[in-house]
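These notes are about the structure you will find just below.
The values are calculated or read from the model by the stated rules, or taken from the named source; none is laboratory data. Keep in mind the model is a prediction, meaning the values are calculated, not measured. Reconstructed Cβ throughout: ideal geometry from the backbone, glycine too, with neighbour counts over all protein chains shown.
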Amino acid sequence: MNETAKAHGLDGSLVQPDWPPLTLDEVSTLLANIPSAGDPLEILSASPRPFSAASIVRTRREKVFVKRHARAVRNAEGLMEEHRFMEHLRANGVGVPPIFAADSGNTAIEIGEWTYEVHGIAAGLDLYEDAISWTPFQSVEHASSAGEMLARLHLAAESYGAPARKPRPLVASFTIFASQDAREALEQYLAARPELDQDAQTRSDCEEALTLLAPFHDELKPILPSLHPLWTHNDLHASNLFWSDTTPHARATAIIDFGLADRTNAVYDIAQAIERNIVVWLVLMRDPKCGEEVPVHLDHLRAMLDGYEQVRPLSEAEAAALAPMLALSHVEFALTEAHYFLGVLHSAEKARVATNDYLVGHAQWFRGPGGRKLLDPLRRWAEAREGQAVRA
């Protein structure tokens with residue numbers, strides 16, 4: 001299996017992974033620190049996700065999910081930021097898989113140049129196992145259930161008071177456009193990440209994106225004080241959910257992969273979920289000139305929002321913030337990807353995909369007719385709510 005392992009490439013194709021797949025000997029060394037997981041017998045799968053190496057492993061006791069990170073991406077301290085949030089959600093009734101601890105009590109284990117984590121298998125079926133980000137739900141019912149799951153997560157997160165994460169690669173923070181002065185906040189963001197700060201092309205792309213996105217920030221700025229800080233998932237794609245069955249009516253049973261989680265706000269998290277599931281960005285990636293033809297699944301958008309509000313109705317301010325937030329929500333994820341590509345993989349070529357094709361390309365799309373196909377219905381949806389009795 002290891003010889004044929006592939007990872008999702010930046011254009012959606014399968015490519016050679018950046019990180020070597022897990023081996024049975026390696027997993028044996030790891031699980032010797034975690035007796036409760038059992039001795040490993042067989043590696044059953046190799047995840048195609050590109051930023052780490054992960055596998056389902058059969059042990060003498062059960063199946064477990066093992067994930068390995070380069071310590072430059074996640075050291076134990078950084079991984080524990082995610083684990084504490086996950087444990088809080090699990091304790092408050094959200095479907096999150098359990099995390100195995102070593103005899104020391106640690107759930108993030110450093111061995112050599114790597115940091116490991118071991119999870120139980122999430123409840124349900126990995127229905128979207130092979131799906132990549134920016135591919136749609138299989139049905140409106142799936143979209144609705146995903147919205148419900150996200151709302152339950154947000155309700156549980158309200159009692160979680162940890163501070164925002166430290167600057168790290170591959171964390172979807174919200175700081176630049178959370179400020180009334182985006183230019184000053186961008187400088188602070190870059191200064192905390194020297195690999196970005198010292199890269200001339202990144203700075204040029206940031207300048208172009210800042211200009212393109214200024215109208216959306218102007219629209220959001222008056223609403224920002226009404227958006228309450230909240231720990232959020234920031235990557236609610238269908239493939240980060242487990243499902244009750246294989247039918248179009250399946251319900252989301254669990255949520256996984258908290259690598260991008262941080263303290264942002266509920267609207268930002270909803271915007272990330274829309275960005276991941278509703279727009280087929282790979283069409284734009286393959287042909288940057290076809291922006292108006294990029295598919296936008298408005299039926300899934302309505303279903304996801306309706307599902308969300310069945311559990312946690314949005315305030316008028318949150319609803320009004322959603323359209324401009326959606327246009328802005330990709331920025332720090334694009335930059336954190338570039339941080340990873342420049343600082344960890346040392347690949348200027350891949351960094352250009354993040355800052356040019358993604359950061360600038362998506363900003364251009366939101367300013368054009370393609371973006372209006374998505375943002376105008378969201379604005380009409382928000383306007384129709386004015387005067388309704390909704391959650392303050």
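Going through the range 152-204 one residue at a time, which ones are assigned to a loop (DSSP other than H, G, I, E, B) and of a type in the set (S, T, N, Q)?
Of everything in the range 152-204, those that are assigned to a loop (DSSP other than H, G, I, E, B) and of a type in the set (S, T, N, Q) turn out to be S159, S173, T175, S179, Q180, Q198.
Of Y340, Y308, which residue is in the same structural domain as K221 (by TED's automatic domain parsing), more than 15 Å from the chain's Cα centre (by Cα) and surrounded by 22 or more Cβ atoms within 10 Å (Cβ to Cβ)?
Exactly one of Y340, Y308 is in the same structural domain as K221 (by TED's automatic domain parsing), more than 15 Å from the chain's Cα centre (by Cα) and surrounded by 22 or more Cβ atoms within 10 Å (Cβ to Cβ), namely Y308.
Here is a yes/no grid of residues against (1) within 19 Å of V331 (Cβ to Cβ); (2) of a type outside the set (S, T, N, Q):
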{"position": "A123", "(1), (2)": "no, yes"}
{"position": "Y128", "(1), (2)": "no, yes"}
{"position": "F137", "(1), (2)": "no, yes"}
{"position": "V171", "(1), (2)": "yes, yes"}
{"position": "I176", "(1), (2)": "yes, yes"}
{"position": "E184", "(1), (2)": "yes, yes"}
{"position": "R193", "(1), (2)": "yes, yes"}
{"position": "Q198", "(1), (2)": "no, no"}
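Of all the residues that make up the range 158-187, how many are exposed (fewer than 13 other Cβ atoms within 10 Å of the Cβ), closer than 23 Å to G78 by Cα and free of Cβ contacts under 8 Å to residues at least 60 places away in the same chain?
1
Can you tell me which residues in the range 107-122 are surrounded by fewer than 17 Cβ atoms within 10 Å (Cβ to Cβ) and over 20 Å from the mean Cα position of the chain (by Cα)?
Passing the criteria: E110, I111, G112, E113, G120.
Return the residue satisfying two criteria in turn: it lies in the range 240-259 and is in contact (Cβ under 8 Å) with a residue 40 or more places away in the chain and outside any loop (DSSP other than H, G, I, E, B), and of such residues it is surrounded by the most Cβ atoms within 10 Å (Cβ to Cβ).
Here the answer is L241.
If you go through the range 260-293 one residue at a time, how many are in contact (Cβ under 8 Å) with a residue 24 or more places away in the chain and in a loop (DSSP other than H, G, I, E, B)?
Residues in the range 260-293 being in contact (Cβ under 8 Å) with a residue 24 or more places away in the chain and in a loop (DSSP other than H, G, I, E, B): 5 in total.
Please go through the range 14-42 and give me each residue that is in a loop (DSSP other than H, G, I, E, B), hydrophobic (A, V, I, L, M, F, W, C) and without any contact (Cβ under 8 Å) to a residue 60 or more places away in the chain, ordered by number.
W19, L22, A32
Looking only at the range 313-331, how many residues end up being crowded, with 20+ Cβ neighbours inside 10 Å and not in a helix (DSSP H, G or I)?
Total meeting the criteria: 3.
Condition test on L190, is it in the same structural domain as L328 (by TED's automatic domain parsing) and either surrounded by 21 or more Cβ atoms within 10 Å (Cβ to Cβ) or under 15 Å from the mean Cα position of the chain (by Cα) (or both)?
no
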